[in-house]
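Worksheet for the structure shown next.
The values are calculated or read from the model by the stated rules, or taken from the named source; none is laboratory data. Keep in mind that this is a model prediction, so the values were computed, not measured. As a convention, Cβ positions derive from the backbone with ideal geometry for all residues, glycine included, and neighbour counts pool all protein chains shown. The area values use the complete protein model at the heavy-atom level, side chains included, leaving out ligands, DNA and RNA. Shrake-Rupley method; radii C 1.70, N 1.55, O 1.52, S 1.80 Å.
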Amino acid sequence: EDAVYIGTNAGILQFRIPEYRTLFEPQAIITDLKVLNSHFPLSTTTFDHEQNYFSFSLSDRSNTGGLVYYRYRLLGLSDIWSVTSNDEIVFPRLPPGEYTLEVSNSNNRQFYQASVHRYSFTITPPFWKRVWFIVVIGLIGLYLAWIYIRLKEKNLNKIQELEKEKAIAELEVLKNQVSPHFLFNS
C-alpha cells in the first residue's frame, strides 16, 4: 500500500501517496540510425562490410525536462558501459561481426531501475573472408597442385622412356658393331 505512517503523542498519522504520483522509470529509445550519413530504418539488421560508420540518435520517454544521462555499450566490441549526456552515439569503422547496442538513461548517474533498450545488427565480412570463398580457393589450390604433380610425373616418365630407348639404341649399335667382327673373326 502506498502510505506512510508516523507515530505521534496524539496518535498515528497516515499519509497516502496520490495515485497520479508514480515513480520515475526512465526509458531510453533509439530514434534514428544513420550509416555513413544515410538514414536506415531500425528494422535493418544486416550491413555490408563497407557500411561500418554508425550513428545512433537517442531519446527518452520520461519528459522530465531536466538533464538526462545515457549509458550505452556495444556488445561484440566492448562490455564496458559508457555514460554521456549527448543524445547521439557514434561508432566509426566497426569491423565485421555481430553487435548488440544496449542503451539506458537516467536523470542522475545512478541508473537505478533503468530499462535497457537493445538493437542488434550484423556487419558481414567481405567475400574474400567468407568460409565458402576460402574453401573454394583451397580446392582450386589443391587441384592446381594435383595438376602440377601429374605434369611432373608425365615429364619424368617421358625422360625415363627416352633414356630407355637411348640405352636400347646404344645396345643395338654395339650389337651391330660386334656382330660383323664376330662373323669376320670366325
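Pull up the range 49-72, narrow it to residues that are hydroxyl-bearing (Ser, Thr, Tyr), touching a residue at least 40 places away in the same chain (Cβ under 8 Å) and under 22 Å from TYR112 (Cα atoms), then point me to the one that is least open to solvent (accessible area, probe 1.4 Å). The qualifying residue least open to solvent (accessible area, probe 1.4 Å) is TYR70. Selection over the range 99-153 of residues that are closer than 30 Å to VAL83 by Cβ, part of a loop (DSSP other than H, G, I, E, B) and either out of contact with any Pro (no Cβ under 9 Å at 6 or more places or on another chain) or open to solvent by 40 Å² or more (accessible area, probe 1.4 Å) (or both) gives a count of 8.
Annotation: LYS164 fulfils all but one of (1) surrounded by 10 or more Cβ atoms within 10 Å (Cβ to Cβ); (2) part of a loop (DSSP other than H, G, I, E, B); (3) of a type outside the set (Asp, Glu); the unmet one is (2).
Contact map, the range 133-155: first residue without any contact (Cβ under 8 Å) to a residue 60 or more places away in the chain, second residue part of a helix (DSSP H, G or I), Cβ cut-off under 8 Å, separation 6 or more or different chains; pairs are PHE133/PHE127. Could you tell me whether any residue of the range 40-48 is open to solvent by 50 Å² or more (accessible area, probe 1.4 Å) and assigned to a strand (DSSP E or B)? For the range 40-48, residues open to solvent by 50 Å² or more (accessible area, probe 1.4 Å) and assigned to a strand (DSSP E or B): present.
For the range 12-39, the set of residues classified as at pLDDT 90 or above and open to solvent by less than 60 Å² (accessible area, probe 1.4 Å) consists of ILE30, ASP32, LEU33, LYS34, VAL35, SER38, listed by residue number. Restricting SER120, SER104 to residues that are small (Gly, Ala, Ser), over 22 Å from PHE40 (Cβ atoms) and either under 26 Å from the mean Cα position of the chain (by Cα) or at pLDDT 90 or above (or both) narrows the list to SER104.
Which of the residues belonging to the range 77-95 are over 14 Å from ALA28 (Cβ atoms) and open to solvent by 60 Å² or more (accessible area, probe 1.4 Å)? Result: LEU77, ASP79, ILE80, VAL90, PRO92, ARG93, PRO95.
If you go through the range 82-121 and keep only what is aromatic (Phe, Trp, Tyr) and in contact with an Asp or Glu (Cβ under 9 Å, 6 or more places away or on another chain), you end up with TYR119, PHE121.
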